[in-house]
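Single-structure report; data block below.
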Amino acid sequence: MEISKISKNDFKSFIDQKIKKHESRTVGVVKKGSQFVFADLESADDMQLDYDVTILPPKKYFQPQREVLLKFVPKKADSYVPVDDCEPIAIIGVHAYDLAALYLMDKAFSEGERDEHYMKKRENSLLIGLYPTKYFKYRFSRSVTREEGRKVADVMLVSIGENYVVEILTEKGKKYMEGANLKKNDYSAKDIEDAKNSVKDDQKIPIPIELIPEYLAKNHDHPVWEHFGDKCFSCGSCVLVCPTCYCFDVKEEVELTLLEGKRVREWDGCMLEEFAVVADGHNFRAQRGSRFRHRIFRKGKNLPEKFGHFGCVGCGRCADSCTADIAGPVKVLNYMEENK
Amino acid sequence: MCENCGCSEQTQKKSIYLPEVATLKRKFQMTSVDSFFEFELKNRPLGHQPGQFAEISIPGIGEAPISISSSPSQDNKFQMVIRNVGTLTNAVHTMEPGELVGIRGPYGTSFPMNNLKGKSLLFVTGGIGLVPARSAILYALEHRKEYKDVAILFGCKDPSQRLFTDEIEEWKKRDDIIFHESVDRATGYDWKGNVGVITTLLPKVEKSINPKETYAIIVGPPVMYKYVIMGLHDMEFADDHIIVSLERRMKCGVGKCGHCQMDNKYVCQDGPVFYYDEIKHLKEAI
């Protein structure tokens, strides 16, 4: 790792040059009303690096809400052709927990059968990460992540006063930062560590994450599932904003001319009623409580057992987006602890 | 083709979602909703094992997972029985020999036919559960000497729902296999056979089967498993002698899309065939 620093103004000018050179798409965090979103940057003036959370995680650049997998000519089974999107993209200012989520997403799409549609987009991406600088009331990432984000980030920024400490983690990151006005770092290791941890989480998971798979296994029939399930609107907001949810549906679309069609992948979610319905109409998770349990089990037990890694990064988006105020894992586990 | 960087065709072919082409060779109707289909892959045998499934595509209509019903064979042909229950299966039913479909697969685990050699087999099949089970039944009959007793039980809703009736007649005639079938309801049909749910057939084989050296293979509708397993337990079958094939929504077939997940298992990859003792602790299994 190479460590240096850059003034916040210089960093902004540097990104501005990157946008103008257009060697790749440059994406960053921008304001949308009172909230924040990841979007293409037209000018570094729009770039926000001091934000609480974005509405959607940067996952949308690698597994888009809607993505063409194949093209075809209707009814011609020998006409299927895969479609890829290989445009280079640089994403600036991704919080550490969202990077940790991409670490998990990479596992999901690369292990076992390798999904080139996702992996190609990831290979063509450059990620400049950022330790969060603003409090978000639902965030609990410190109790569920352990710096996994550094395994996928090319560069990490640590905000200290008028500067960013710049940690270059990959060759790709080094190349990207060429031409930036980097200066010798003169902050102490302690200063940097303190800055990384300057924003505290109010919330935390009440159980060490290593113990959660077994804890959930023992609590399969806990009243919490029905208790919270009864309040659930099955709207799917919690899974649609989640940075580690990657379930999808595949649909066929045909142009009005009937001369061309597309096989399209779209986000889907296990909290939606139809998710586990089979051909004869049988629904393997017809009860809201069983869907609620499945989502928590997937994050806390099934994904850890499959990938050796806890399936939630504590971003708090699910809790924030939930109309019924039941989706947050902290709330669920606290309820279980209080009602043993 | 890649619209942005023109990456090579070699890389393009790596998409795990890209179907291969197969030709419909033969089809005939079996019941009012089920038809038999024989497909042929262009360049290779499907290479499946009994119990596996494949994804069938029609461009413009969609894709669906379908059980493979034929025994693994050396040529490029394979068979399926498809129930007309959705848009894709409806479109397949309208196809005529010579037309093309897309195929991905084979996917999933298979009945452990090699490990079962030297043992007796008890097939317990309900409705279209006979379709995937037939791939193992045919395999066992092709290698009949390698297995001890072979018993097949088949149950369906009513006589009009019976599948593979010609083959069933052959099975009935053979003296080296035991075959019993039953229908849930026979009212209104000229039916002289057994009437009752599939579990009513278990007592018919109870005396001739030694559960210690027999493996039971169960395939049927979701509601069937619990009762059949209870019946097998009464016959003193151990859980590691019970093999099930489970239905779920196998949308992608490659362990990604999440629709087939059953607790921590992806049924499309970890299943559909499981030893019962491997999944009995899973609350969502049966």
Evaluate the following for A:Cys232: is it outside the structural domain of A:Asp98 (by TED's automatic domain parsing) and closer than 20 Å to A:Leu99 by Cα?
no
Scan (1) within 11 Å of chain A (Cβ to nearest Cβ); (2) surrounded by fewer than 24 Cβ atoms within 10 Å (Cβ to Cβ) for the single condition B:Pro59 breaks and write down its number.
(2)
Return only the number of the condition from (1) charged (D, E, K, R); (2) more than 30 Å from A:Leu70 (Cα to Cα); (3) outside the structural domain of B:Ile209 (by TED's automatic domain parsing) that B:Arg134 does not satisfy.
(3)
With the checklist (1) within 24 Å of B:Asp270 (Cα to Cα); (2) at pLDDT 95 or above in hand, flag the one item B:Glu247 doesn't pass.
(2)
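Of the residues in the stretch B:76-99, how many are over 22 Å from B:Leu246 (Cα atoms) and surrounded by 20 or more Cβ atoms within 10 Å (Cβ to Cβ)? Full working, then the answer.
Applying the first criterion (over 22 Å from B:Leu246 (Cα atoms)) to the stretch B:76-99 yields B:76-77, B:87, B:90-99.
Still in the list and also surrounded by 20 or more Cβ atoms within 10 Å (Cβ to Cβ): B:92.
Matching residues across the stretch B:76-99 total 1.
A quick yes/no check of all residues on (1) modelled with pLDDT under 95; (2) over 27 Å from A:Trp267 (Cα atoms):
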residue: A:Ser188; (1), (2): no, yes
residue: A:Ile192; (1), (2): no, yes
residue: A:Asp202; (1), (2): yes, yes
residue: A:Ala217; (1), (2): yes, yes
residue: A:Cys238; (1), (2): no, no
residue: A:Cys245; (1), (2): no, no
Candidate set: the stretch A:265-291, residues that are aromatic (Phe, Trp, Tyr) and within 10 Å of chain B (Cβ to nearest Cβ); chosen: the one farthest from the chain's Cα centre (by Cα):
A:Phe284
Restricting attention to helices (runs of 4 or more DSSP H) lying wholly within the stretch A:192-288, give those where 1 or more residues are surrounded by fewer than 18 Cβ atoms within 10 Å (Cβ to Cβ).
A:212-218, A:224-229
Whether any residue in the stretch B:212-221 is within 14 Å of another protein chain (Cβ to nearest Cβ) and either among the aromatic types (Phe, Trp, Tyr) or free of Cβ contacts under 8 Å to residues at least 60 places away in the same chain (or both) is what I want to check.
no
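Can you tell me how many residues in the stretch A:19-59 are among the basic types (Lys, Arg) and surrounded by 21 or more Cβ atoms within 10 Å (Cβ to Cβ)?
Here is the first cut: in the stretch A:19-59, the ones among the basic types (Lys, Arg) are A:20-21, A:25, A:31-32, A:59.
Cutting the leftovers down to surrounded by 21 or more Cβ atoms within 10 Å (Cβ to Cβ) gives us A:59.
So the answer is 1.
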Just for the stretch A:131-154: of the residues that are crowded, with 17+ Cβ neighbours inside 10 Å and of a type in the set (D, E, K, R), which one is nearest to A:Ile91 (Cα to Cα)?
A:Asp154
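Please go through the stretch B:36-56 and give me each residue that is farther than 22 Å from B:Gly255 by Cα and either within 14 Å of chain A (Cβ to nearest Cβ) or at pLDDT 95 or above (or both), ordered by number. Even if it seems obvious, please write down each step before you answer.
Initial filter on the stretch B:36-56 (farther than 22 Å from B:Gly255 by Cα): B:36-45.
Within the stretch B:36-56, B:Phe36, B:Phe37, B:Glu38, B:Phe39, B:Glu40, B:Leu41, B:Lys42, B:Asn43 meet the criteria.
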Mind listing whichever residues of the stretch A:40-78 are within 17 Å of A:Arg25 (Cβ to Cβ), within 14 Å of chain B (Cβ to nearest Cβ) and among the hydrophobic types (A, V, I, L, M, F, W, C)?
A:Phe62
In the stretch B:222-242, the residues that are of a type in the set (A, V, I, L, M, F, W, C), surrounded by fewer than 23 Cβ atoms within 10 Å (Cβ to Cβ) and not in a helix (DSSP H, G or I):
B:Val223, B:Met235, B:Phe237, B:Ala238
Out of the residues in the stretch A:296-310 that are within 16 Å of the chain's Cα centre (by Cα) and either assigned to a helix (DSSP H, G or I) or within 11 Å of another protein chain (Cβ to nearest Cβ) (or both), which is farthest from A:Val224 (Cα to Cα)?
A:Leu303
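The values are calculated or read from the model by the stated rules, or taken from the named source; none is laboratory data. All figures in this text were calculated on a predicted structure; none of them were measured in a lab. When we count neighbours, we look across all protein chains shown, and the Cβ atoms used for this are built from the backbone with ideal geometry, even at glycine.
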